[in-house]
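Just below is one structure, and these are the notes that go with it.
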């Protein structure tokens, strides 16, 4: 039976992926997470006692710990990342380089000593920057526009170099803009939902025409499983977008959230453009369909309705995150 290590396992995408693996496969799963601001064990509360899940509290930069964990698994899905774009802009890139680049390096060096069947790096579509061609395929130039995105590009290319140099079984996955249950409130869709709950303005950067390829997180989980299941000869060394092939403006997302909650359109408010803004993101789906037999199946309206319902029904979860954030601010 396969044993799958998911780094950053208490995060948003990774916890959804763990939940999917436990539901849809017979695999044993190991979650390794340092439990920073984005890692929340409550994200795994409904499966924490599952007989096929092991939880390890630790940092992927801890070389001794990583080697011991890697020695006992067959597949690694590296989803550990610092991912707060505004924080990377306001506070600089140090933490992002440490986790996103150095942490990836530690894992890659570990599998040189303790080989695994495959190493899947969860990169990001942010590495592309603004679309120079639509849709963006995997050959699109990498033009990251924030310190966060630059560190994801660094990890992406580092993993590729280890494949080229050491012939490691590396697969690089570039998901587009995920959304869904348990996403940290700093991200735009949950932020809009919580602002609407409180009858506060839904703050849209710039004129709101910036558009994204919005990917429902459960579709992403299915795509990552498909990478595990695919013939290694087909996917090893490949970069694969995980996208819907359609983009929707941030302004339209705000409108739909307000419509779903029966709130007035006047709550949408435009604010100053964010530095390093990416104006258009839309991904090519051809390669994922060809290599994985996968395509996204959740329309944006359905995914948003499910997401709004989850936040409505899980107030304790997001209020707990808000309370911790206020405590951290007061302490600092």
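Some values worked out for this structure:
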item	result
Any chance residue 55 is in contact with a helix residue (DSSP H, G or I) (Cβ under 8 Å, 6 or more places away or on another chain), more than 18 Å from residue 105 (Cα to Cα) and either in contact (Cβ under 8 Å) with a residue 60 or more places away in the chain or part of a loop (DSSP other than H, G, I, E, B) (or both)	no
Filter pass, residue 222 being under 21 Å from the mean Cα position of the chain (by Cα), under 30 Å from residue 159 (Cα atoms) and either buried (at least 18 other Cβ atoms within 10 Å of the Cβ) or modelled with pLDDT of 95 or more (or both)	yes
Residue count, segment 160-219 (criterion: more than 21 Å from the chain's Cα centre (by Cα) and either modelled with pLDDT under 95 or within 19 Å of residue 126 (Cβ to Cβ) (or both))	7
Qualifying residue in segment 131-143 (condition: at pLDDT 95 or above, within 28 Å of residue 295 (Cα to Cα), in contact with a strand residue (DSSP E or B) (Cβ under 6 Å, 6 or more places away or on another chain) and part of a helix (DSSP H, G or I))	no
Residue selected from segment 1-15 under the condition surrounded by fewer than 23 Cβ atoms within 10 Å (Cβ to Cβ) and touching a residue at least 60 places away in the same chain (Cβ under 8 Å), by the criterion farthest from residue 70 (Cα to Cα)	2
Residues satisfying the stated conditions in segment 106-122, i.e. farther than 18 Å from residue 71 by Cβ and either surrounded by fewer than 20 Cβ atoms within 10 Å (Cβ to Cβ) or free of Cβ contacts under 8 Å to residues at least 60 places away in the same chain (or both)	121
Set 42, 86: member being part of a helix (DSSP H, G or I) and either closer than 28 Å to residue 147 by Cα or modelled with pLDDT of 95 or more (or both)	86
Matching residues, segment 61-76, being in a helix (DSSP H, G or I), touching a helix residue (DSSP H, G or I) at 6+ places or on another chain (Cβ under 7 Å) and surrounded by 17 or more Cβ atoms within 10 Å (Cβ to Cβ)	66, 70
Residue check, residue 58 under 16 Å from residue 76 (Cβ atoms), surrounded by fewer than 24 Cβ atoms within 10 Å (Cβ to Cβ) and in contact with a strand residue (DSSP E or B) (Cβ under 7 Å, 6 or more places away or on another chain)	yes
Close pairs (6 angstrom Cβ cut-off, 6 or more residues apart or separate chains): in contact (Cβ under 8 Å) with a residue 60 or more places away in the chain in segment 179-204, buried (at least 21 other Cβ atoms within 10 Å of the Cβ) and part of a strand (DSSP E or B) anywhere	179/214; 180/216; 189/179; 192/202; 195/202
Residue satisfying condition, being within 21 Å of residue 126 (Cα to Cα) and at pLDDT 90 or above, within set 305, 309, 288	288
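The values are calculated or read from the model by the stated rules, or taken from the named source; none is laboratory data. Because the structure is a prediction, the values reported are computed rather than measured. Cβ coordinates were reconstructed from backbone atoms using ideal geometry, including for glycine residues, and neighbour counts include every protein chain displayed.
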